[in-house]
Structures are given as structure tokens and as C-alpha cells.
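The values are calculated or read from the model by the stated rules, or taken from the named source; none is laboratory data. Just so it is clear, the structure is predicted and the values come from calculations on it, not from any experiment. For neighbour counting, all protein chains shown are included, and Cβ atoms are generated from backbone atoms with ideal geometry for every residue, glycine included. These accessible areas exclude ligands, DNA and RNA; they are computed on the full protein's heavy atoms, side chains included. Shrake-Rupley method; radii C 1.70, N 1.55, O 1.52, S 1.80 Å.
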Amino acid sequence: MFLRRTERKKNGKTHTYWSVVENKRLDGGRVVQRHVLYLGEINSSQAASWRKAIEVFDEDTGRAQTLSLFAEDRCEAVAGDASIIQLRLSQMRLHRPRQWGACWLAGQLWQELQLDQFWAERLPPSRKKTRWDQILQVLATYRLIAPGSEWRLHRQWFGDSAMADLLGADFGLVEEHKLYACHDLLLAHKDALFSHLVGRWRDLFNADFDVLLYDLTSTYFDVNAADLPEDGKRRHGYSRDKRPDCPQVVIALVVTPDGLPLAYEVLPGNTADSRTLRMFLSKIEQQYGKARRVWVMDRGVPTEAVLAEMRGSDPPVQYLVGTPKGRLNRLEKHLVDRPWQDAREGVKVKLLAEDGELYVFAQSHDRVTKERAMRQRQLKWLWKRLRQIAVMELTREELLMKLGAARSHAPAAWRLVDIEVDKQHPRFSFTLNRSKLRRTRRREGRYLLRTNLADNDPAKLWQYYVQLVAVEEAFRNLKGDLAIRPVFHQDEARIEAHIFIAFLAYCMQVTLTRRLHALAPGLTARSVLDKFAAMQMIDVHLPTTDAREIVLTRYTHPEPELQLLIDRLKLSLPPQPPPRIAASAINKTSRRSEDLLS
């Protein structure tokens, strides 16, 4: 194996990407290369560290060469013993292949967050010896690896995984009623979990909590709203999933700039964004005490009244918030004469102090290019579609419906076109509004931010704001990789517990992501879990000559590239389970038959 460097030019800048590649010789003698690991853009010290791991210096030849990194362990010959059992190798059988690697890795993450200790104290075994803490670990691991319904977990996934082997348990963990009953025990410990996580983030990643990112999302339900209780949280509201026809709940989340989650809250689906911030400010202050924190939010979250309260509190609560572009109409004349300052490469800002606040007018070259391309693509499509509609033979009602569909498909471009429909006949005319187009072009890739921070460093202010992508990434993971929906529960307390389990799975995922970030930013938690999932566990049955069986439960040895990853993550695989000896399954069957006949 060796490191391959790939260079790519983007926006006039050269980016260097690295991968681990392996040579494989085919039957015909030809050598091909197999991509093993994508590492992304790593720095020189990281590249040197990876290269050191996959190259060996040969003192005889005086040069580095590629060798097998993980040679087989040498075995010493075992002396003869009178207790040796003879095996019938021709009758060897393999039973119950099941997924082991990803489940084991999830268990390592669970222990690293000390969730095993946390839940063992708060979810003690029941009188019938039900291990609620282990059931919760199974639920969270399932949500992390292969999310689905509790019924699928009970019916299929648990049997196809090695969770029973790893936890020293049996199928009793996933009896259907226990999976649902476990949900009823969780929400009482939500605040305690948030406090526990703060300590773990500080110990594991030296995290600080001076800057907090706050945002909201929603998740919808495929149910009839008329069948829902009137006092429930599932309500119709602004849907970020483009499903206003479905009832939903709103999820508010606070994370650090590194994406480490601190707290979340489930709110009614009709809750306006601007009505949530005051509650969350109070919640964080009660749980973690008063401190000088910087809250970074998108536009639409804070109201003017809440911002005034933040400025007037003791100590003042600092904020950096996006501002609607419409406010530019009032401030544009004051910003025109202000000089541009470089915040970082490709980003320029203008600063304007007014009414005790600092306005930051930012322009990103990359964002200009992106927004302009999006607008041009929409406008091109809309113009072509309007020409097609103009030559169709339609009734007035059909014409209005087609125009409405075109508007919903390209809303941004629609605002740049003046359309006039004939009041008497099914005809219309359309022209490009060039003044609106010039104003739109002038504002593409530009942002107006406002803050009460005394720091006038434009680079620092811009860096704070772009970190909002950490919250958006958390929402994408919850809805994508962790599949927070569909939700099959009907009871609202269990719906919130379902979201709670998804939050636990996200904590495990982000822990793995932070571990990988130090190795190579190109590695994602999902890609690593998929690689570990290739490790299977299997039962090897070896009949003996004395009518018994030796049962060896073994996990498969990792491939070299996976072993490389395990070493880089500083993980150690556990020892293989000890062998067991038992009566032969064939003998057991014949014995049962004899008992039935007797």
C-alpha cells in the first residue's frame, strides 16, 4: 500500500487530496490499483504519519518499500497432550454469520462517552432482571448503524447482528414489549444527560463553550391531523421538509462550533422560530450558569425584543445573527463609502457601527459564483417554460395552473419576470425586469450580519457565522444517516423518546467524526461504519470422534486497510471468545426422537 496524491484546481486554487492505494496482481500478471481509503486534504505532518505507517525501510536495499503491514502472528508448536481430542474436519459446519465489526465499534463509542456507566446508574435492572441499560444501548446502536422500526429490530436486525455476543445477553433484550417500555424510562434523565455530555466533550476533545450555535428544524408525520389530540405537539406549521400537508414537531438544537451537541428541545409543530430563543437562553443559563457566551443564529430566530434583552442582561449575552437582505435598503447608503476589509481569502467585509450594534456586510466570492449559477439556471428554465406555455392551446384555468406550477418550480427566477395575463382571453405576456435583475446581481453572495460583540476583527466575526453549518450538518445527519423519520409511535411521549434515542446515536456518530478529523477529514463516520460492518462473526462447529462438538465463535480477521484504520484510531480488538464443547447437535436430535418414541 502507498499514498497517492491527486491535485485539482478549483476557483483558481490548487487543492491536494490524498488516498491510500493498494497494488493487486491479476492472474495474467497485470497489476491494478485498488482504492483503500480516501483521506481528503491532509497537512504535511498527517501525510508523513500515514506514509510512515505504510512504508518500511529496507536496510539491505537502502530504500523504502511497500510491505504487508500486518503479517500473521507466528505460532509456536504445541507439545503433545494426552487430553487432545480428535476432530472430524470433513464434517465441519459454519452457522449463524452475523455482523460484528460495526456493533463492536459502536460499543467502543458508547463506552468512550461513558454512557454505560451513566445509564447503569439510572436504569437499574427490573425485578425480572431486565437490563434496561443494555436495551437502550441496542436501540442507540441500531439507530446508528441501520436505523429502522423497533419491529424490524425485534424481528430481524438483532438476530443478524452480534449484539447478543458483545453484551453477553440473549434475544430477551429485544422482546417487542421491552423495546417500547424502554422508551418510557428515558425522558426523565434528559437534563442529566446534557450535563454529562458537557463533561465528556471537555475531557475528550478539550471543547469550550464560549460560542454556541442555535438553529431549528422540523420532522413530519404520515398521519391524519384530524385523528391527533388537540393538546399534542404534532401540529401543522412551517415545514422545512416541504411537507406543509403533514403535522410536524419542531426540534431546537444547540451545538458547539465543532458540532458537539449540548441540548435540544422538542416543540409544537406550529411554534414560530422567533418564539423559541428566550426559552433556550433561560434553559442554558439554568443548567450551566451565567457566563459570557456568544450565540450565533440565522435570521428569523431572534426578535428585536429578545436582542434588546440580551444586550441589557448582566453580564450581556453576546450574539451574532444573520439579518434579512431587506435591511440593506436602509443601510446601503451608509455602507457605500465604507472600505472593504479582507476577512479571509475570497471574503471581504464592511463594518458599520450603529445604535450600539456592529453591522457586518460580507461578500464571498465563492458564494457569488454559486448563487449566480443557481439564479441563471432557474431563469433559463423558467424562460424556456414560459415560451412553451405561450404556444399551447389552453383554457384560462389550465393556463393559470401551468403558470402556478412554473412559479413553484422556480420561485427566485419568477420574481425577476413581469408576467401579465389577459383578463379576457387565455393569453399572457412576459418580460425580464432588468432593474430587479441588476439589484439581485448586486446582492448575490452578500450577507448582512449584526452583533453586539466589541471585537472588530472581521475575520473572527465571519468565522463565527460560517460555523452555523455545524448545526445544519447535525440536522442532515439526524434526517439522513440516522433516519429520524418515519416515526412509527403514536404516543407523544414515545415520539419524544424516539428523538432522544436518535440524539444519543448522533452523539456517538459525532464522537467518531471528531476522532476521524484528526486523521483525515476525508473519512466520514458512515464510511468507517460500513468498513467495520464487513467484519462478521460466525459459529464454527467441529464434530469430534467421541460424538461431541467443539463450537468456536469467531469474528473474521480485518482486511489490511481496516486493520490500518483500527491502529490509527488506537483501538484494540478483543480476544476471540473461548471455545465450547457440547453434545453433538445430531446426537441431541436423535435423543429427542428416541424420547418421543418411548
**Report entry** Partner lysines for Lys350 [C-alpha distance under 27 Å; skip if fewer than 8 residues away on the same chain]
**Finding:** Lys10, Lys13, Lys325, Lys333, Lys370, Lys436, Lys460
Query raised in the report: Tell me, how many Å apart are the Cα centres for the range 422-483 and for the range 307-332?
Result: 18
Report task. Place +1 on the Cβ of every Lys and Arg and -1 on the Cβ of every Asp and Glu in the chain, take the dipole about the Cα centre, and give the residue among His409, Trp462, Leu449 whose Cα lies farthest towards its positive end. Result -> His409
Query raised in the report: For the range 455-512, what does the equivalent ellipsoid look like in terms of its semi-axes, each the square root of 5 times an eigenvalue of the Cα gyration tensor, given largest first in whole Å?
Result: 32, 12, 10
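Which length gain, in nm to one decimal place, applies between Asn224 and Thr545 when the Cα-Cα distance is subtracted from 0.36 nm times their residue separation? Could the numbers behind the result be given before it?
Working: separation 321, 0.36 × 321 = 115.56 nm, distance 6.50 nm.
Result for the pair: 109.1 nm of gain on full extension.
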Report task. Could you work out the local net charge near His425, counting Lys and Arg as +1, Asp and Glu as -1, over the other residues with Cβ closer than 15 Å to its Cβ? Result -> -2
**Report entry** Relative contact order computed over the range 308-376 (Cα-Cα under 8 Å; 6+ residues apart), in percent
**Finding:** 16
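Given 25 °C and 0.890 mPa s, compute D for the range 381-423 with the Stokes-Einstein relation, Rh being the Kirkwood radius over Cα pairs; round to the nearest whole µm²/s.
The diffusion coefficient I find is 229 µm²/s.
Quick one: pull the percentage of alpha-carbon pairs in the chain with a separation above 30 Å.
67
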**Report entry** Reduced Cα scattering model of the range 183-228, Debye log10 I(q)/I(0), q = 0.19, 0.25, 0.32 Å⁻¹
**Finding:** -0.88, -1.00, -1.05
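What is the magnitude of the charge dipole of the chain about its Cα centre, with +1 placed on the Cβ of each Lys and Arg, -1 on the Cβ of each Asp and Glu, and no other charges, expressed in debye to the nearest 20?
Values: 93 positive and 75 negative charges, 592 e Å.
My answer is approximately 2840 debye.
Take the alpha-carbon positions of the range 214-368, form their convex hull, and give its projected area averaged over all directions (one quarter of the hull surface) in nm².
Working: hull surface 48.4 nm².
With the hull built on Cα positions only, its mean projection is 12.1 nm².
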Report summary line: Correct semi-axes for the range 363-404, from √(5λ) of the alpha-carbon gyration tensor and rounded to whole Å with the largest first, are 32, 10, 4
Report task. With runs of 4+ DSSP H residues as the only contributors, calculate the mean residue ellipticity of the chain at 222 nm using -39,500 (n - 2.57) per run, divided by the residue total and rounded to the nearest 500. Result -> -12000 deg cm²/dmol
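Stokes-Einstein diffusion coefficient for the range 399-439 at 20 °C in a medium of 1.002 mPa s, Rh from the Kirkwood formula over Cα pairs: what value in µm²/s?
Values: Rh = 11.1 Å.
Answer, rounded: 194 µm²/s.
Just the projected area, averaged over all directions, of the convex hull on the alpha carbon atoms of the range 141-289: how many nm²? Numbers along the way, then the final one.
On the way: hull surface 46.4 nm².
For the range 141-289, averaging the hull's shadow over all directions gives 11.6 nm².
Express in nm, to one decimal, how much length is gained between Leu432 and Met92 on full extension, taking 0.36 nm for each residue of separation and deducting their alpha carbon distance. Please report the intermediate quantities before stating the final value.
On the way: separation 340, 0.36 × 340 = 122.40 nm, distance 7.77 nm.
Between Leu432 and Met92, full extension yields an extra 114.6 nm.
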Query - Cα-Cα pairs of the range 205-256 separated by more than 13 Å (percent) - result: 63
Query raised in the report: In whole Å and largest first, what semi-axes does the C-alpha gyration tensor of the range 142-203 yield when each eigenvalue is scaled by 5 and square-rooted?
Result: 26, 15, 11
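Could you work out what % of the accessible surface of the chain is carbon and sulfur, using a 1.4 angstrom probe and leaving DNA, RNA and ligands out of the count? If you can, show how the numbers build up before the last one.
On the way: 16010 of 32500 Å².
Of the solvent-accessible surface of the chain, carbon and sulfur hold 49 percent.
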Query raised in the report: What area, in nm² and to one decimal, does the C-alpha convex hull of the range 238-320 cast on average over all directions?
Result: 6.0
Query - Cα Rg over Rh - the range 452-565, Kirkwood - result: 1.21
Query raised in the report: Tilt of helix 469-479 relative to the longest C-alpha principal axis of the chain, in degrees (0 to 90, nearest 10)?
Result: 60
**Report entry** Approximate spin-label separation Lys129-Ala353, in nm, with each point projected 7 Å along Cα-to-Cβ
**Finding:** 7.2
Query - Given 10 as the ceiling on other Cβ atoms within 10 Å, longest exposed-site-free region of the chain for trypsin sites (Lys or Arg not before Pro) in DSSP loops - result: 424-569
Report summary line: Projected onto the charge dipole of the range 267-379 (unit charges on the beta-carbon of Lys, Arg, Asp and Glu, signs +1, +1, -1, -1), the Cα from Ile284, Val294, His365 with the largest positive-side position is that of His365
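What is the Cα radius of gyration of the range 361-495 over 2.2 N^0.38 Å, N being its residue count? Can you show the working numbers first?
Working: Rg = 21.8 Å, N = 135, 2.2 N^0.38 = 14.2 Å.
Against the compact-globule rule of thumb, the ratio is 1.54.
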Requested in this report: Starting from the Cα-Cα distance between Asp191 and Lys13, subtract it from 0.36 nm times their residue separation and give me the gain in nm to one decimal.
Outcome: 59.5 nm
Query raised in the report: If R0 is 45 Å, what FRET efficiency do you get for Ala48 and Ala308 from their C-beta distance, rounded to 0.05?
Result: 0.25
Requested in this report: Provide the per residue accessible area, probe 1.4 Å, for the chain, rounded to a whole number of square angstrom.
Outcome: 54
Query raised in the report: Remind me, relative contact order of the range 463-551 in percent, using alpha carbon pairs under 8 angstrom and six or more residues apart?
Result: 16
Query raised in the report: Check Phe428: other-chain or 5+ apart residues with amide H under 5 Å from its amide H, H built from backbone geometry?
Result: Asp422
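Given that compact globular proteins tend to follow 2.2 N^0.38 Å, what is the ratio of the alpha-carbon Rg of the range 441-484 to that value? Don't skip to the answer; put the middle values down first.
Working: Rg = 14.9 Å, N = 44, 2.2 N^0.38 = 9.3 Å.
After normalising by residue count via 2.2 N^0.38 Å, the value is 1.61.
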Report summary line: dims of the range 330-433, Cα set, principal axes, largest to smallest, nearest Å -> 57, 29, 19
